[in-house]
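**Q** Supplied in structure tokens, the structure appears directly below.
The values are calculated or read from the model by the stated rules, or taken from the named source; none is laboratory data. Bear in mind that the values here come from a model prediction, so they are computed numbers and not experimental data. So basically every Cβ, Gly included, is an ideal-geometry build from the backbone, and we count neighbours across all protein chains shown.
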Amino acid sequence: MNQDDKIVAGIIKKDQKAFELLVDEYGGLIWSIVKFHLSVFEVYQEECRNDILLSIWQNIDRYDANKNSLKNWIGAISKYKCIDYKRKYYKELRLEALDETIPDTKNTFEQTMQNEIDSLLSGLSPGDRELFYRHYILGEKVETIAKEFHKSSGYFYNRLSRGRKKLKQNLRRSDYFESNPSK
């Protein structure tokens, strides 16, 4: 049984020592991803890291070694949790920006978020990029988009499903994790 198998089996059993092993083995990866994605929000980095570890602890049963390595799975959870934090605190920044106290931070953050979205969606066709942006970023319902284009909802759900698979493949092929080692 390799180290990853020990970690997964231990966390499934809710063994604290396995959790400590996880932190020893992948803490550096988590920390570097959080620091990279939340560099503008230093005060929230520790909270996000703790939230990532809690998410791993609570969702370890969803990990499938046949689909991904533990390192990549943890990296994906970390990145998505960082994006959630950016969204959450971006809303707070927008509220604070109403009194014009932090316009530069807001613009920097908006540009950073837009760059990340563009980078993530760059592997999709222009039509799929628009669909993903409208559905996942703007929050439009698939049914609304389908009516606009006179297509069935199923057609767009299929496109979203294929697009998600393509994004997952692109993330697996990405050298992001190799260029940001865990230690």
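**Q** Only one of LEU120, LEU93, LEU124 is assigned to a loop (DSSP other than H, G, I, E, B), modelled with pLDDT of 65 or more and closer than 20 Å to LEU138 by Cβ. Can you tell me which?
**A** LEU124
**Q** Take the residues in the range 39-49 that are hydrophobic (A, V, I, L, M, F, W, C) and not in a helix (DSSP H, G or I), then tell me which one is nearest to GLU110 (Cα to Cα). Steps first, please.
**A** Just the residues of the range 39-49 that are hydrophobic (A, V, I, L, M, F, W, C), to begin with: 40-41, 43, 48.
From the residues that got through so far, the ones that are not in a helix (DSSP H, G or I) too are 40-41.
Details: VAL40: 11, PHE41: 13 Å.
Filtering the range 39-49 for residues that are hydrophobic (A, V, I, L, M, F, W, C) and not in a helix (DSSP H, G or I), the one nearest to GLU110 (Cα to Cα) comes out as VAL40.
**Q** Look through the range 143-183, keep the residues that are among the aliphatic types (A, V, I, L, M) and in contact with a Gly (Cβ under 9 Å, 6 or more places away or on another chain), and return whichever of them is modelled with the highest pLDDT. Don't jump to the end; show me each part of the working.
**A** Taking the range 143-183 first, the residues among the aliphatic types (A, V, I, L, M) are 145-146, 160, 167, 171.
From the residues that got through so far, the ones that are in contact with a Gly (Cβ under 9 Å, 6 or more places away or on another chain) too are 146, 167, 171.
Working: ALA146: 90, LEU167: 84, LEU171: 74.
Within the range 143-183, the match that is modelled with the highest pLDDT is ALA146.
**Q** Among residues belonging to the range 50-66 that are without any contact (Cβ under 8 Å) to a residue 12 or more places away in the chain and outside any helix (DSSP H, G or I), point out the one that is nearest to GLY27 (Cα to Cα).
**A** Here is the first cut: in the range 50-66, the residues without any contact (Cβ under 8 Å) to a residue 12 or more places away in the chain are 50, 54, 58, 62, 64, 66.
Imposing the further condition that a residue be outside any helix (DSSP H, G or I) reduces the set to 64, 66.
Numbers: ASP64: 20, ASN66: 23 Å.
Filtering first and then ranking leaves ASP64.
**Q** Another question, if that's okay. In the range 15-38, how many are outside any helix (DSSP H, G or I) and in contact (Cβ under 8 Å) with a residue 12 or more places away in the chain? Even if it seems obvious, please write down each step before you answer.
**A** Within the range 15-38, the subset outside any helix (DSSP H, G or I) is 15, 38.
Applying the additional criterion that residues be in contact (Cβ under 8 Å) with a residue 12 or more places away in the chain yields 38.
Of the residues in the range 15-38, 1 are outside any helix (DSSP H, G or I) and in contact (Cβ under 8 Å) with a residue 12 or more places away in the chain.
**Q** Just to be sure I understand the filter: pairs with C-beta atoms under 8 Å, separated by 6 or more residues or on different chains, first member in the range 117-138 and more than 10 Å from GLY163 (Cβ to Cβ) and hydroxyl-bearing (Ser, Thr, Tyr), second member outside any loop (DSSP other than H, G, I, E, B) and at pLDDT below 85. Which pairs pass?
**A** The qualifying pairs are TYR133/ILE117; TYR133/LEU121.
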